[in-house]
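The values are calculated or read from the model by the stated rules, or taken from the named source; none is laboratory data. None of these values were measured; they are calculated from a predicted model. Every residue, glycine among them, receives a Cβ derived from its backbone with ideal geometry; neighbour counts consider all protein chains shown.
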């Protein structure tokens, strides 16, 4: 009876989560499935870490560490939650540790580094003028500073809510807190961002 | 409809601002927004934040990201992974005792290899013995000659 219940729980998660199914195949020795997961989640993980850390080199390094830990954990993987919950829990943990370890770095140094950030949604056959590029850079710099000024957990919650489109319950599992705590984090974060960025309409 | 801001239900306004509010709830909220400047201002400001955040597009991931990752995976497969590799499918409950036994066998082998080798005699003792031996031979020969002279018979007509 218990085994059947456990099987149903496990089967239920993988039925709703194809990524968990892929990870189970990795557990069983299918290396190609790891490649599929990497293809799907590489960009979101790197971008999340970059927006948290705002340093391309560190973000890539941490992203590699995330996938390395996923791979090394393959033998004991159990789909107790969505794969992306587990994935972003690892990423958030590494990002928060990195931020705390690098606290001696001046935030201004990190923000002033030459950024490889791209203008978004350029029309293919037109290039931005110098003025447009300058306006873009100024707005981008303001956005980056506003996000960087958020406390780390608020920052993580906003990034997952906005860019990963995660629901409150999933963010709560990633941050290991209650759903009401997530709502509080997001309320305060967006309130701060509205105060800093609303003039950019 | 009760004002979401007064009811501290700004998640409704957040969802509406990002166009994720349930379609069934939209007409009711929009009716309220027509009459509530505070909520209208909230939505306008939140949509600005949303649009501005959309501007932030990080640089593409380098083309060699995967190659470097797989190199790291190869480097960081630990000796534990190599030891447990054949037992991956067994599950931790059976792999650990087997791995522990393998570890004990390994340790036993290392200990057996450490039996001390026979120690050679110290060099200086050997040299001394080699040096003494010729002298002892000469002494022995002298003694033999002396003994041989003493053992010769004394004849009567030997002249003195």
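The single condition from (1) buried (at least 16 other Cβ atoms within 10 Å of the Cβ); (2) over 21 Å from residue A:87 (Cβ atoms) that residue A:175 fails is (2).
For segment B:3-18, the criterion of being in contact with a helix residue (DSSP H, G or I) (Cβ under 7 Å, 6 or more places away or on another chain), modelled with pLDDT under 85 and more than 13 Å from every other protein chain (Cβ to nearest Cβ) is met by at least one residue. If the condition is being more than 24 Å from residue A:188 (Cα to Cα), without any contact (Cβ under 8 Å) to a residue 24 or more places away in the chain and loosely packed, with under 14 Cβ neighbours inside 10 Å, then segment B:31-61 contributes B:34, B:35, B:60. Here is a check on your reading of the model: is residue A:144 at the interface with chain B (Cβ under 9 Å from one of its Cβ atoms), at pLDDT 85 or above and within 30 Å of residue A:182 (Cα to Cα)? Answer is yes for this residue. Taken over segment B:63-91, the criterion of being within 7 Å of chain A (Cβ to nearest Cβ) and either part of a loop (DSSP other than H, G, I, E, B) or modelled with pLDDT under 85 (or both) is satisfied by B:76, B:88. Only one of the listed residues (A:46, A:13, A:36, A:5) is modelled with pLDDT under 95 and surrounded by 13 or more Cβ atoms within 10 Å (Cβ to Cβ). That residue is A:13. Among the conditions (1) over 24 Å from residue A:194 (Cα atoms); (2) under 50 Å from the mean Cα position of the chain (by Cα); (3) more than 9 Å from every other protein chain (Cβ to nearest Cβ), residue B:23 misses just one, which is (2).
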